[in-house]
1. I'd like to compare 134-143, 87-96: which one has the highest average count of other Cβ atoms within 10 Å, and what's the full order after that?
2. If you roll a 1.4 Å probe over the heavy atoms of the protein chains, what accessible area per residue do you get for the stretch 1-45, in Å²?
3. How would you order 157-169, 39-51 from highest to lowest mean count of nearby Cβ atoms within 10 Å?
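The values are calculated or read from the model by the stated rules, or taken from the named source; none is laboratory data. Predicted model only: the values in this text are computed from it and were never measured. Note: ideal-geometry Cβ built from the backbone for every residue, glycine included; neighbour counts use all protein chains shown. Quick note on the areas: whole protein, heavy atoms, side chains included, nothing else; ligands and nucleic acids left out. Shrake-Rupley method; radii C 1.70, N 1.55, O 1.52, S 1.80 Å.
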Amino acid sequence: MAELTALESLIEMGFPRGRAEKALALTGNQGIEAAMDWLMEHEDDPDVDEPLETPVGHVLGQEPTSSEQGGPEGPGAPAEEGRLVLSEEERQEQTKRMLELVAQKQREREEREEREALERERQRRKQGQELSAARQRLQEDEMRRAAEERRREKAEEQRVREKIERDKAERAKKYGGSVSSQPSASAQPGSVPSSPSQEPPSKREYDQCRIQVRLPDGTSLTQTFRAREQLAAVRLYVELHRGEEPGGDQDPVQLLSGFPRRAFSEADMERPLQDLGLVPSAVLIVAKKCPS
């Protein structure tokens, strides 16, 4: 016959003695199953193997004796009454049941960890989908803003073109006939006739042109235009920004180049800046155009 205490049972099942003693002490010696639950839950704790301080005279993992509990011990009473005495077969059977219980606890723990892992994966996928949806909404908003900006730019370009056409029609009506029938300013004294040979050849392609315009009052205007814009856009810009002059309506302006000196005609107003040799930069002079 052999005695098998809870501590010995846990040690025989493979648990370290220190952990077994600690588990029994912290579960209040409520039995092997309670101690096993504690061991399964705390086996990954960093301090699981640290010793537990216990009161003097008490052995971890063992039930207090009747004398330690202060209970009466009559004459002839067995010193170890209440201790379980098992045969070798019973001891093996109990060990087998405990091992099965350990395996069951381990399976339950693995199933719980698997459920937790599945839940974490579900949350991760949900967050990924929400992030992807938010990124797609942001891209759609940026595309809408870009499309709106392009629409505004096209509307502004259309407005400028319509303004140029109205300006041409008003000038033709004011001076009579069509725009092409207006007298060429190149015929004025001191002007140099326009000819393709006088235009400097373009050595490279430019997309923009920086124009400085000197006004009759000594001030100047500077603006950047696209190389393919018509010279009429420069004249319109000058007429919109040269300021009001005393004495009523503004007179039409004549654009001149300084060097080589050249007076641009109405026909030149419909030509792109790059074809007039004004790219990448040029200085123009504004002179009042006297109506004929």
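1. The peptides rank, most packed first, as 87-96, 134-143.
2. Per residue, the stretch 1-45 has 48 Å² of solvent-accessible surface.
3. Answer by packing, highest mean first, reads 157-169, 39-51.
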